Amino acid sequence: MPPTQFGPAAHSQIKLADALETLENIQAKHKRWMTFAPSTSGHGSVLHPHPVYSVRLNRFLEGKPLSATLKKVGWIYFLRDSGRKLACAEVSVVSGKHKNARLSEGPFVKKAFNLIERLKGDSRLRRRPYELRFLRLESIHLFALWLKVDQRVEYFVPVTSTGAVLRAGEWISRKDFTKALRSEGERIRAAQERMSHLLRIRQG
């Protein structure tokens, strides 16, 4: 079943249209800028729009619940042109306002898109409405799909593996995801602190 959720705000869609127009103008002069061709994309080529959230890692590692550390930072749109080339656009949200869009393509975009397509047919979502979200925590290289089925059932599915527990493509309950995220965050923070300590000694 496809996700059921509120669509992106009109301002976000305007920023997306502006970015595609800019890319079209750039490609008129630089043909190899991107393989995706926005001039041939229409309304039907905008796929799986969903909000992006980040985690305030320090607050989370201080013991705050995951819900208290989440922040909506943008909207993601997958795009296909008439040649079936795939791209991704992210319109950022800063202080509640929709800002510029960032366009990208490549292996990660294809991997995330294919994962969404595969999840739609899973028995855990079949005939059940759900909200599709994206959770990103760049400081620990975490990128995960967030599937909110109802108030009691949520799944997190990493797009790429992070550490030994957060494995790509695995369905993880909110409880287990929170536990694994806290463990991985503490591990990486400790490693960063050790590195900073060694650098201070060398510079000392």
Given labels modelled 7 Å from the Cα in the Cβ direction, how far is it in nm from residue 56 to residue 160?
2.6
At a temperature of 10 °C and a viscosity of 1.306 mPa s, determine how fast the range 10-203 diffuses translationally according to Stokes-Einstein, using the Kirkwood radius over alpha-carbon pairs as Rh; express D in µm²/s, rounded to the nearest whole number.
86
Would you mind working out the magnitude of the charge dipole of the range 151-204 relative to its Cα centre, with +1 at each Lys and Arg C-beta and -1 at each Asp and Glu C-beta, to the nearest 20 Debye?
200
Based on the mean of other Cβ atoms within 10 Å per residue, sort peptides 88-95, 105-112, 192-199 so the most packed one is first.
88-95, 105-112, 192-199
Dipole-positive endmost among 65, 123, 95 within the chain (Cβ charges, Cα centre)
65
Along the charge dipole of the range 10-203, pointing to its positive end and built from +1/-1 on Cβ of Lys, Arg, Asp and Glu, which listed residue (161, 19, 177) has its Cα farthest out?
177
Set of the range 73-93 residues, backbone N closer than 17 Å to the point 7 Å along the Cα-Cβ line of residue 14
75, 91-93
Short to long, in 5 Å steps from zero, the percent of alpha-carbon pairs of the range 116-204 per bin is 3, 13, 22, 19, 14, 10, 7, 5, 4, 2, 2, 1, 0
Can you tell me the length gained on complete extension of the stretch residue 202 to residue 171, counting 0.36 nm per residue apart and subtracting the Cα distance?
6.8 nm
How large is the charge dipole for the chain, taken about the Cα centre, if only the Cβ atoms of Lys, Arg (+1) and Asp, Glu (-1) carry charge, to the nearest 20 debye?
360
At 7 Å along Cα-to-Cβ for each site, give me the label-to-label distance between residue 118 and residue 99 in nm.
3.3
Cross-link table 85/179; 71/179; 99/175; 64/110; 29/110, entries beyond 30 Å C-alpha to C-alpha
85/179; 99/175; 64/110
Quick one: among 98, 50, 11, which has the greatest mean-square fluctuation in a GNM of the chain with alpha-carbon springs under 10 angstrom?
11
For residue 187 paired with residue 25, estimate the spin-label separation in nm (one decimal), with each label point 7 Å from Cα along the Cα-to-Cβ line.
4.7
Over the range 61-159: Kirkwood hydrodynamic radius from C-alpha pairwise inverse distances, Å
15.3
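No value in this document is a laboratory result; all are computed from the given coordinates. This one's a predicted model, so the numbers in the text were calculated from it and none came from an experiment. We place every Cβ from the backbone using ideal geometry, glycine too, and count neighbours over all the protein chains shown.
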